[in-house]
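One structure is given here, and the rest of the page talks about it.
Computed from the coordinates by the stated procedures, all read-outs in this text should not be read as laboratory data. Everything quoted here is computed from the prediction, not taken from an experiment. Every residue, glycine as well, gets a Cβ built from its backbone with ideal geometry; the counts of neighbours run over all protein chains shown.
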Amino acid sequence: MASLAARRAKDNAVKAISTGFAALAIVLLAWILLTLLAKGLPALGTNVFTQITLPPGQGGGLLNAIVGSLIQIGIALLIGGPIGIFAGTFLAENGKGTKIGSATRFVNDILLSAPSILVGLFIYQFLVVPFGGFSGWAGSIALAILVIPVIVRTTEDMLNLVPVGLREAAFALGAPQWKVVIMVTWRAARAGIVTGVLLAIARAAGETAPLLFTSLGNNGWSLDLSKPMASLPIAIYQYAGSPFDDWVSLAWAGALLITVGVLLLNVVSRVVLARTH
Amino acid sequence: MDATMDSSGAVDRIPIHQAKRIGGLSDPLFVGALWGCGLLVLVLLALIIGQLFLGGLPALREFGLDFLWTASWNPVTEKYGALVMIYGTVFSAVIAVIVALPLSFGIAFFLTEIAPQSLKRPIGVAVQLLAAVPSIIYGMWGFFIVAPLMAQYVQSPLIDLLGPIPVLGLLFQGPPLGSGMFTAGLILAVMIVPFITAMFVETLESIPPMLKESAYGVGCTTYEVYRNVSVPYGRTAMVGAVMLGLGRALGETMAVTFVIGNATRLSASLFAPGATIASTIANEFPEAPIGSLKLTSLLQLGFILFVISFIVLALSRALVRSRLD
């Protein structure tokens, strides 16, 4: 074995390198955020929120993309939220120890990490082709599929933290399962379930790949869900890859908006959770 | 409650078989909805696999299994093969894991053993926020900021220095474009570090303190305990964590599309432009009309990606869960 001094030196060297790696992670996060601020902030005028996308050289903003994103995320949440909460409740309350429960949990874990672009391809095959075109509905449903596994996972985890005694007390009073779940378990795990929904919104807000083949994007103003619909990530993708300087700076402005929104949602959800546990 | 009290205060008893079901229909409906949504998640995966397979079937009929090892992607001659993309997908993901692994080991060591209690949480959260930054933002950052720096300060010197060496030099050929396989791998590494680190930390924190204390008791340094006790104890789950990182890197789309260079040529060089399955689908889809051979080839590519990801993610999950059971 090496001398004590050599072992101490090695210990200190590894500690220094590890600390350096942790610092590197912080530096990378700061670098990304500062880049977004430096490039996005100058382009972030009122026009971004009040005007729709226009041809290069004519100014314009991202209003249609922002509204399109909000609509599609909203619908995704209306569809995926209840399904996710119910499926998560199923796993925590009814599916424990059953084969179907384990299978569902396994599939949910796969869906959680599966490539999001494949969800886009799936919805293209499943809805866009049969119904004859790209649409806001298709985009919303693609996002719903991404939202579901996040909510299932957090809902199940949070319901598992609710003491069994609480449920048993309610059942002992003669309450049927729906009353126990709604009035006792959900209520006890409320903060955790909200956290899951916030994280799901954050995930849906930044996803680009699943929208490419579903809602496609739209440079005009459209609230019609059966037509192609604009969204912030698609607009950023389209503009960042364009050769026009004003489009590229609008892309940075959009990127800043999305990132700040997504990171805030993440921080808020952590605070909500930390407060209750 | 069906039992009622009469005026004398005695409980009016009802034979159990005559008692009404409490809550009537609402309970079966509610429980049915719970089961329905649970099963829906199950069905969803089957639907996705089924649709991708069926969509790619015409390409499978046209090219057979040759599709897997054909290196051509030619819309003019209508000859499509997946080899370049499979290679690019695996190559870029492996680079990502090789870069992310030491980083994750270091950050996990820092968070579990070195960081003072007050810094642990904020730094842990900051690392996790790296995972929350949307893929497309990594793409823009990679394309506009990282790639030019790579070309100037990393690729040019390395190509000049290592390019002329036989065999090893093959990895460092071509012009310093900035974009390419290596840059894509680096960006992917930054994206998967938070996932791997989080699972490393979770595993390391579940190790019985007694084990570590005994090692400290015989005079081990902090690093020696980490290296010889903690990591071996959590080995299986940690391999699972790395597999999860690999699975995530394989299917990443937007970040890679921005920086990989999108060339459907096979090249051994780290700095050559390439393509992954996901980046090819994103790029070529707009020029693939309904019913075209190209579209079904893209769907076939999607199916292949799904199979690869599924295997890696399932393996990862089995390894991570094995610790718990």
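So the values come out like this:
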quantity	calculated
Residues B:Leu52, B:Leu293, B:Leu149 arranged by fewest to most Cβ contacts within 10 Å	B:Leu149, B:Leu293, B:Leu52
Karplus (6.51, -1.76, 1.60) ³J(HN,Hα), θ = phi - 60°, over segment A:34-44, in Hz, Gly and Pro reported as x	5, 4, 4, 5, 5, 8, x, 4, x, 8, 8
Residue mean of other protein chain beta carbons inside 10 Å, A:185-195	0
Fraction of the pair-distance distribution of the protein assembly as shown above 45 Å, Cα-Cα pairs, percent	22
Residues whose placed amide H lies under 5 Å from that of B:Thr70, excluding near-sequence neighbours	B:Ala82, B:Leu83
Segment A:191-259 - Rg and Dmax from Cα coordinates, angstrom	13.9, 46
Convex hull of Cα atoms in segment A:85-177, direction-averaged projection (nm²)	7.6
Charged-residue dipole, Cβ positions (Lys, Arg, Asp, Glu), chain B about Cα centre, Debye nearest 20	200
Among A:Trp186, A:Trp252, A:Trp137: highest mean-square fluctuation, GNM of chain A, C-alpha pairs under 10 Å	A:Trp186
Chain A, relative contact order in percent, only Cα pairs under 8 angstrom and at least six apart counted	26
Overall form of segment B:36-120 per C-alpha gyration tensor (a/c, 1.5; a/b vs b/c)	oblate
Coarse-grained scattering of chain B at q = 0.06, 0.14 Å⁻¹, given as base-10 log I(q)/I(0) from a Debye sum over alpha-carbon atoms	-0.34, -1.15
Distance between segment A:223-272 and segment A:45-74 - C-alpha centres, whole angstrom	10
Viscosity 1.567 mPa s, 4 °C: Kirkwood-radius Stokes-Einstein D of chain A over Cα pairs, µm²/s	61
Segment B:234-284 - Rg (one decimal) and Dmax (whole number), Cα, Å	13.7, 43
Helix-only mean residue ellipticity at 222 nm for chain B, each DSSP H run of n ≥ 4 adding -39500 (n - 2.57), per residue, nearest 500	-20000 deg cm²/dmol
Inter-chain Cβ neighbour average for residues B:140-153, partner chain, 10 Å	3
Chain A: calculated mean residue ellipticity at 222 nm from DSSP helix runs of at least 4, using -39500 (n - 2.57)	-23000 deg cm²/dmol
Least to most buried among B:Tyr87, B:Tyr80, B:Tyr216, B:Tyr153 (fewest other Cβ within 10 Å first)	B:Tyr153, B:Tyr216, B:Tyr87, B:Tyr80
Order of B:Trp69, B:Trp141, A:Trp247, A:Trp221 - criterion: other Cβ atoms within 10 Å of each residue's Cβ, fewest first	B:Trp69, A:Trp221, A:Trp247, B:Trp141
Euclidean distance between Cα centres, segment A:168-213 to segment B:127-206, Å	37
Residue with peak Gaussian network fluctuation, chain A [Cα springs, cutoff 10 Å], from A:Ala22, A:Ala188, A:Ala251	A:Ala22
Paramagnetic label zone (point 7 Å from Cα along Cα-to-C-beta, A:Lys227; backbone N under 19 Å) in segment A:53-93	A:53-55, A:61-73
Violating pairs (Cα-Cα greater than 29 angstrom) within the set A:Lys96/B:Lys120; A:Lys39/B:Lys294; A:Lys15/B:Lys212; A:Lys10/B:Lys212; A:Lys227/B:Lys294	A:Lys96/B:Lys120; A:Lys39/B:Lys294
Selected from B:Leu162, B:Val146, B:Met243, residue furthest toward positive end of dipole (chain B; charges at beta carbon)	B:Leu162
Residue-wise HN-Hα coupling along segment B:85-94, computed from phi with Karplus coefficients 6.51, -1.76, 1.60 (Hz; x: Gly, Pro)	6, 4, 4, x, 4, 5, 4, 5, 5, 5
Most fluctuating residue given options A:Gly196, A:Gly95, A:Gly217, as computed from a GNM of chain A linking Cα atoms under 10 Å	A:Gly95
Estimated Rh, segment B:212-325: Kirkwood, alpha-carbon pairs, angstrom	17.3
